[in-house]
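The values are calculated or read from the model by the stated rules, or taken from the named source; none is laboratory data. Computed from a predicted structure; not experimentally measured. Here Cβ is always computed from backbone atoms with ideal geometry, including for glycine, and neighbour counts include all displayed protein chains.
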Amino acid sequence: MCSNDKGGFVPPDANKLVARCPACKAFNSPKNIKCKKCGADMPKKS
Ligand SMILES: [Zn+2]
């Protein structure tokens with residue numbers, strides 16, 4: 001079930017809003033070229 005009667009937060013396009021560091025799993029802005037937390041290179045899509 002995907003609906004949420006309580007109006008809870010269900011991000012539909014989380015992958016477009018954030019980029020996740022492959023090294024430490026921290027969430028970063030997709031604009032970041034390096035992880036703000038650990039400094040690892042972020043994967044770049046297209
Ligand atoms: Zn990281």
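Checking each residue in the range 27-46 for being among the small types (Gly, Ala, Ser) and either in contact with a strand residue (DSSP E or B) (Cβ under 6 Å, 6 or more places away or on another chain) or modelled with pLDDT under 95 (or both) picks out Ser29, Ser46.
Looking at the range 20-46 only, could you name the residues that are hydrophobic (A, V, I, L, M, F, W, C) and either assigned to a loop (DSSP other than H, G, I, E, B) or within 8 Å of the ligand (Cβ to nearest atom) (or both)? Steps first, answer last, please.
As a first pass, look at the range 20-46 and keep what is hydrophobic (A, V, I, L, M, F, W, C): 21, 23-24, 26-27, 33, 35, 38, 40, 42.
Answer for the range 20-46, where residues must be hydrophobic (A, V, I, L, M, F, W, C) and either assigned to a loop (DSSP other than H, G, I, E, B) or within 8 Å of the ligand (Cβ to nearest atom) (or both): Cys21, Ala23, Cys24, Ala26, Ile33, Cys35, Cys38, Ala40, Met42.
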